[in-house]
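Below is one structure, written out as structure tokens; the observations come after it.
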Amino acid sequence: MAEQKFAYKESLRVGMLLAGTAGYIDSYTFAFHDNRFASFQSGNLLQFGINVASGHWHQASLFFWPVIAFLFGAMLNQLIKKYSFRTQMQWEARSVLIEMFGVLLVAILEMTHVPTELVLSILAIFMAMQADTFGKLRGCPTPPS
């Protein structure tokens, strides 16, 4: 029985590392940033809907901003993918490098006590880049978050 080869970025090891990273960032933002998420936007959309249905418009808007930032991050990653030809570095590596600097920026910003909305928005942008860059596991598409 021949073993099928996959790109390293589609390996189970990388998938587990990325799932752990996204889970940690979401648990951190949920615990320290008003029960909101940076990576898995389904929780934010659910809270948004509950607050809209209850007539709490301001509270609903707090859950909507990370979703908008996540969409912006996915668009940014598509631009990186589109304009990363003719370079030595693959677009995936460039995306991960940008994500690392983004998470480092958030860590520095957390020490200066910036508003929660800014922290969540920045993290959501980089989590969208991660989700868009690593969209397959062992050759199969991963379900959307």
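The values are calculated or read from the model by the stated rules, or taken from the named source; none is laboratory data. Just so it is clear, the model here is predicted, and its values are computed rather than measured. Glycine gets a Cβ as well: all are built from the backbone with ideal geometry, and neighbour counts include every protein chain shown. The protein model used for the area step is the full one, side chains on, heavy atoms only, and it has no ligands, DNA or RNA in it. Shrake-Rupley method; radii C 1.70, N 1.55, O 1.52, S 1.80 Å.
Below are the figures for this structure:
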quantity	calculated
Residues located in the stretch 1-29, provided they are among the hydroxyl-bearing types (S, T, Y) and either modelled with pLDDT of 75 or more or open to solvent by 60 Å² or more (accessible area, probe 1.4 Å) (or both)	Y8, T21, Y24, S27, Y28, T29
Considering residues of the stretch 95-120 that are small (G, A, S) and open to solvent by less than 30 Å² (accessible area, probe 1.4 Å) only, the residue modelled with the highest pLDDT	G102
Per-region count, the stretch 44-71, residues of a type in the set (G, A, S) and open to solvent by 60 Å² or more (accessible area, probe 1.4 Å)	2
Any hit, the stretch 30-43, residues being in contact (Cβ under 8 Å) with a residue 24 or more places away in the chain, touching a helix residue (DSSP H, G or I) at 6+ places or on another chain (Cβ under 9 Å), of a type in the set (A, V, I, L, M) and open to solvent by less than 20 Å² (accessible area, probe 1.4 Å)	yes
